[in-house]
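What follows is a set of notes on a single structure, which appears directly below.
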Amino acid sequence: MLNLELVVLATLLGGVVAYLLSMINKRVGSAVTILVSGAVFSLLAYYGFGNSIDQTVELIPNFVMFKVTALGTFFAVLVSFVFFMVSFFNPFFAERYKYPNAFNLLYLMTLAGVVGVFYASNFITLFVFFELVVWTSMFLIPMGKGTKASITYFVFSTVGSFAMLYAIIFMAVGFGTTDIDTVLAGLTGTAALIVYGLLLVASFAKLGAYPFMVWLPKVLGNAPDPVSAVFSGGIEKMGAFIAVLAMIKISPASAMFEAVGLPVQNYIVGVIAAVTIIVGTMMAIRQDDAKKLLAYSSAANGGYILLAFTIGNSVAITGGFFHIFAHALASTAAFLAIGVVTYRTKTSKISELGGMIHHMPITYVVYLAAIISMAGIPPMGGFISKWLIFQALIQNNLVFLATAAFIGSIGSFLYVFRPLAALFLGQKLPKYKDVKEAPLLMLIPMIILTLLSVVAGVFPTLFLPMINNIMTELGFQTLMTSGFQIIGFNGTLDPALVAAVFGTGVLVVFILFMIFPKSRKVGLMDTYTGGEFIYTEELLHYSADFYAPLERLYRKEPFVNKIYDSIRIKVEELGAFVRYFFFTNKPEVTVFWIVAILLFIVWGDII
Amino acid sequence: MAVLLIAIPLLFAFVSILNKKYAFYLLALVAAFNFVFSFFLEKGMYSIGGFGPFGINLLVDQYALIGLWLLNGLFFLTVMINLKASKKLATVLIVLLAGINGLLLTNDLFNLFVFLEITGISAYLLTTENKKPVSSFNYLVQGTVGSGLYLLGLVILYSMIGTLNMSDVISRIYTIGATPTTLLLPFMLMFIGLGVEAKLLPFNSWVKGVLEKAKPLSGTLVSSVIAGTILLVFGRLLTTVMVISNADMLITIILIATIIAGEVAAFKSTRIREILLFSSIGQAGLVVYLFTHGLLMQGVLLIIANVLSKFVLFTIGASLAEAAGDEVEELRGAFKNNKLLGIGFTVAALSVTGLPLFFGFVVKLNVLLGIFGSYDLITPIIILVVSLIEGVYFIKLLMKLWYGESNVQIKNVLMTVSVLSVAVVLIVLGVYYQPMMDLVAPIKDEMIMIIQGGSF
Amino acid sequence: MILGILAGLGIALFGFTLQSSVAGINRKVVARVQKRYGPPWYQEFLDIFKGLSKRGVTHGWIFDFGVIMAVGGIIATAMFMPITSNIAAFSGLDNFFIFVYLLAVGMLGMAMSASGSGNPLASIGVMRALTQMFAYEVPFLVIVMTIIKVTGTSSLVEIMAYQGQNGWFMWTMPLGFVVASISLLGMLGKKPFETFIAPAELASGPMVEYGGKHLGLLFIMMEISHFIEVSLFVHLFLGGATTIVGYLIKYFLVYTAANLYSYLNGRFKIDQVVVFFYKWILPLAVLQAVWVLWR
């Protein structure tokens, strides 16, 4: 039996140990983070899937209560796995931080908070750990570059958290308890709609759905690379967790949108998700910084997850969970690959890079596999979840939402290809002549993530029991499978067969390729240039403004940023007004107000 | 016995005038004595001079005890941290100590006025160390107007109900059968009078002048210790004495305006001391709001949290400002070389913002539960929105202070130690808050007993 | 399963042969329209085998690997394609979405290899190809979604059977038919959507660096992908076929019609392509879907 409370406390303690050891030697401190997060992951996975986690709480005071559920275990194992994989990068990036000791401490504190969120039994516990993650991760961000990003993160996160807090206290006062299952099951009528809306606001803020999308690119673009990976693969999944609580556990009864068979509020959430997908995709297509591009991609995938949960039948929800799983793996791998590039070249701007594949081929393969999964192409995990979601969309006649999903899907080909072509392929730029492959310790997690993605895509039925447990717990039918095949509403999918056929095709072509005459190897600069003589690599490298014709069509669209700036300015103006009127150097002003109020009281009716 | 807390400081204040050389040691001695002695008090009502129901009573209940322990302790720490400044103002400080204890202990309205004036005058004198005579003068004028109004209200009240004993007021009102309308004028005058000192809008234009260039000693004392005292006194009056239900809407408007104004003004500020002082204003408004709506326990908790946090924040903030300049832009990266102070400051700031693992979060949760409990759905929204604004400017401040290239270095061991201990207290209370809850639990019952029975 | 794979390979081979022959015949047809004689019908085969037998150049391992992945992916896709309701390698498992995504694998492979050659013209060509795909694919998917919902299955063989009973979708979903035809032109890369090759501008776009066996293999890839696209169109809108003769006739008619039409047009710019599809074609597709599904 594994005591959950011990896990959380040990992680926090591990953070303190890492802090102290970092003061002696930075690498040792980072090594502690690897060990602790690895321990957390293995223990949770081993005992969690064996259904033997003990949820009693003794040491922490009694407002913290845990409950072990399949839902919580799924999320906790996945996110702790992401933390574990990313922690391998910590020793290498340690020198670049301003406060490396604090980094290790905060890294583990964030992990502890995240595990606490997923296993919370009442809403107060959930909120405590939720906010804990907010501020510990907030301090991790500025260790990259710039400090404005963390403020943006705080604002949007807090908007979400406070919406949730309002809902929690609303429920606490109404029900007298904050136990999650009791409260969510007991909501009815308008109260249910209010709580549903508020929890969804919290979920949108964490996932980066429209219109809260603004913080994702700023944060993930400016944070250090391990932090970006952890955000995309781990912390955003908290938003998905809240979405599950809101959408699946509460079922506000309301008008149904007959044509598509969904309640109206679900459809509205679906529309928001669809807009997220489209905006995220379009913004990703025009990004020059690889990390910002992946950030918008995370937002768009968050939209897919929301869309899946909105539809609400067993195929869709299984698709949603599978997408959480596949996206976490793929996104983490992609961020880690870009992290390697940043580690070796100190930049992640696509227009400044090129030809990296020749220096770091393994990283390239990892990145390729990750983007294949994110674009939803077989034989990787992303294809399975997209297939399931499309099944559900079609089944429910969701024409507009499906259009958005398709746009996102095809658009994802575009934006994942941009770093591939411009950053990894193309000409080898001379200033990166001496760039080498990533160190072994960085390669290990990337390769593990890639292999898992492939297995998830070829043999998804291996991972389905994990999700089926959740489905049963939530009261839904599980996905029908038959051997290695998955049966959806309007078709059957055999991923192993697809992979086998693909392999056969490649094999046949490979044999043909070998039969025919061997080619002569020439250098990269030796290309068809129509009679011109070019000797500088930059001139033959196409990387800036990669999708220029497409981008030109919507170059001026700000999408949503202007609103937030104007809100901030309005608040500042209010502050200036207050200072001018009330905080002057003249005591006459005070006396004036006193007299005015007294007159108001003395004279006539007092309200 | 409780009277010793007041008498000894007053006595030693006179002695210190005569004996300027040892003034500081007397100060330290008296402050230490008060702090230690306050733990040995027994609860009860103490009559001074035995003049029966007409005389001055001192009331020692849980509420007063909490105030005494907390504020005496912080007074002692503040004085010890700022040795140089304390030496110059030793006499004033001793008088201030007497005033504070008097305010917390007294059970008589006129006595309250006396100690209000004593505290006020010491505060005005303290602020002269900032070398900004105009602001001190403003403070003086407004403070005097305020206490004058209080006195006026007091006089009217006495002429109506014939007693000045705080625990008897309510029963006298019932006996006489005075209606809330007639009582409105005196009580509102007293409310406004105290409101000036308690930093409520629109009576608080003195705050900016006094605190924006405050040195560590006067700034911390005014914003943490004196503010805490005034708020506690205000709280006691609002709960056991005042009947102002007719002016509910007006008061709510004043208080909500205070809260919002404080926070947005802080949002606009770019100077560290200004940010802190506007934050105090906002929090003061929230505290008074809690008291006027009967949320006694939450009010006391918020006062405790605020007093502790502001102690840390102002001590460090004022020291930084004195060392390197007030504009936050000039202070960028100040914590690079002052990591321990930075940690303390960060903990206090996060506590004020209400983030978990810190005491401020526990307090905020209780506050919201309390407000919601009275089925008020709009006020929590306002409080959450201003919390967000507050969080934003504190985080902005923190980020700028940690990340930059400043070379400020502050070397004051006692400051570091005390700041860190308070920070640790904030963390511990954030997790093991049960002892604190037990501490404030008896307050409400005791207050009710006092009102009903005149003693307990 | 081995039997299925062998059958699939046979289908791929058949498709390649079919398309190359039809393309060759089409060259003769177009030539006659343009009052020339035109090359012999087996010209495509000659070109491909010439390419395969020459020595070319290579720019590195990704250049080769991309080509292999591209052609392999396309052959894999072709293996799933049913010819008639009886001749199909993996009946019941030939999900429509597999086609869409495996085609994408093929395109991705070619894109990787083209960018890996180091020639910026190739990268530009790939960029335009992807943008064009972004334009034509979405309306097509919307229409196919409608078809799938109406027939209740996404397997091509079963869609064929449904049309046999309920009439071809060409008549029952006319708007969809129009949308799909225009998308087909985009997929085939025929004018007015020839943007990604843009022979006069980009020195034939992605294919600029290929020679020898690479070029030959890529021509094979193009032929097979045309085969897949036209077959999809035939199966989805013209009811497929129950006999091989019917299939051949329909196939030939569709391809020839598309080819002849394309010779009447100039070429769109790439942003005009995107605007055209999103302004006119996508709303038509959505309208069709709403009309069919929401009534």
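The values are calculated or read from the model by the stated rules, or taken from the named source; none is laboratory data. Predicted, not measured: the structure shown is a model, and the values here were computed from it. A quick note on method: Cβ atoms are made from the backbone with ideal geometry, for glycine too, and the neighbour counts reach across all protein chains shown. These area figures cover heavy atoms from the full protein model, side chains too; ligands, DNA and RNA do not enter into them. Shrake-Rupley method; radii C 1.70, N 1.55, O 1.52, S 1.80 Å.
Structure values in brief
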item: Debye log10 I(q)/I(0) for the protein assembly as shown, one point scatterer per Cα, at q = 0.04, 0.09 Å⁻¹; result: -0.30, -1.11
item: Between the range B:175-201 and the range A:269-333, the Cα center-to-center distance that results, in Å; result: 58 Å
item: Percentage relative contact order, chain C, counting C-alpha pairs under 8 Å, at least six apart; result: 27 percent
item: Of the DSSP H helices in chain C, those whose Cα atoms cover at least 20 Å axially and whose Kyte score averages 1.6 or more; result: C:61-80, C:96-116, C:174-188
item: Ranked packing of B:7-18, C:206-217, B:427-438, most packed first, by mean Cβ within 10 Å; result: C:206-217, B:7-18, B:427-438
item: Two-site label geometry, B:ILE176 and A:LEU598: point separation in nm, points 7 Å out along Cα→Cβ; result: 2.0 nm
item: Centroid-to-centroid separation of the range B:303-331 and the range B:11-88 [C-alpha atoms, Å]; result: 26 Å
item: Residue mean of other protein chain beta carbons inside 10 Å, B:396-403; result: 5
item: Largest to smallest principal axis extent of the C-alpha atoms in the range A:115-190, angstrom; result: 46, 26, 15
item: Other protein chain Cβ atoms within 10 Å, averaged over every residue that makes up A:468-479; result: 0
item: Distance histogram in 5 Å bins (all Cα pairs of the range C:2-293, percent per bin); result: 1, 6, 11, 16, 19, 18, 15, 9, 4, 1, 0, 0
item: Cα gyration tensor category, rounded, prolate or oblate, for the range A:449-607 with a/c compared to 1.5; result: oblate
item: Taking the C-alpha atoms of chain A, convex hull volume expressed per residue in Å³; result: 218 Å³
item: Solvent accessible area, Å² - A:ARG27, 1.4 Å probe, full protein context; result: 110 Å²
item: For the protein assembly as shown, with +1 on Lys and Arg beta carbons and -1 on Asp and Glu, the positive-most of C:GLY118, A:ILE357, A:PHE88 along the dipole; result: C:GLY118
item: Net charge dipole size for chain A [Lys, Arg +1 and Asp, Glu -1 on Cβ; Debye, nearest 20]; result: 1400 debye
item: Nearest-20 debye value, chain B charge dipole, Cβ charges on Lys, Arg, Asp, Glu; result: 1220 debye
item: Tilt relative to chain A, helix A:189-207 - C-alpha long axis, 0 to 90 degrees, to 10; result: 50 degrees
item: Mean-position separation - Cα centroids, the range A:500-528 and the range A:356-374, in angstrom; result: 19 Å
item: Farthest positive-ward along the protein assembly as shown dipole, Cα basis, beta-carbon charges - from B:LEU83, C:TYR162, B:HIS293; result: C:TYR162
item: Residues whose placed amide H lies under 5 Å from that of A:ASP54, excluding near-sequence neighbours; result: A:LEU2, A:ASN3, A:LEU4
item: For the protein assembly as shown, accessible area per residue (1.4 Å probe, heavy atoms of protein chains only), Å²; result: 33 Å²
item: Cleavage-rule hits, trypsin sites (Lys or Arg not before Pro), the range B:392-456, DSSP coil, Cβ neighbours within 10 Å at most 15; result: B:LYS411
item: Student exercise, the range A:484-572 dipole from Lys, Arg, Asp, Glu Cβ charges, in Debye to nearest 20; result: 140 debye
item: Flagged links, alpha-carbon separation over 20 Å, of A:LYS570/B:LYS396; A:LYS148/B:LYS199; A:LYS98/A:LYS148; B:LYS84/B:LYS213; A:LYS206/A:LYS349; result: A:LYS148/B:LYS199; A:LYS206/A:LYS349
item: Reach of A:LYS386 by Cα under 18 Å, taken over lysines that are not fewer than 8 positions away in the same chain; result: A:LYS237, C:LYS149
item: Rounded to 5, percent antiparallel among DSSP beta bridges of the protein assembly as shown; result: 80 percent
item: Peptide A:407-419, shielding by other chains (average Cβ, 10 Å cutoff); result: 4
item: The range A:303-320 residues near the modelled A:THR478 label - backbone nitrogen below 19 Å, point 7 Å along Cα→Cβ; result: A:313-320
item: Alpha carbon convex hull of the range B:292-456, projected area averaged over orientations, nm²; result: 11.3 nm²
item: The range A:555-607: chymotrypsin sites (Phe, Trp or Tyr not before Pro) falling in loop per DSSP and having at most 15 other Cβ within 10 Å; result: A:TRP603
item: Percentage of interatomic Cα-Cα distances in chain B larger than 42 Å; result: 10 percent
item: Accessible heavy-atom area order of B:ARG172, C:ARG128, highest first, probe of 1.4 Å; result: B:ARG172, C:ARG128
item: Pairwise FRET efficiency - A:MET514 versus A:LYS346, Cβ, R0 = 51 Å, nearest 0.05; result: 0.80
item: Helix-derived mean residue ellipticity, 222 nm - over chain A, DSSP H n ≥ 4, -39500 (n - 2.57), to 500; result: -22000 deg cm²/dmol
item: Shape call, the range B:1-246: gyration tensor on alpha carbons, a/c limit 1.5; result: oblate
item: When each of A:LYS291/A:LYS346; C:LYS54/C:LYS190; C:LYS28/C:LYS269; B:LYS131/B:LYS215; B:LYS339/B:LYS411 is checked by Cα-Cα distance, pairs over 18 Å; result: C:LYS54/C:LYS190; C:LYS28/C:LYS269
item: Exposed GluC sites (Glu not before Pro) absent: longest stretch of chain A, with sites in DSSP loops and at most 11 other Cβ within 10 Å deemed exposed; result: A:259-531
item: Cα-based convex hull, the range A:550-607, per residue volume (Å³, whole number); result: 116 Å³
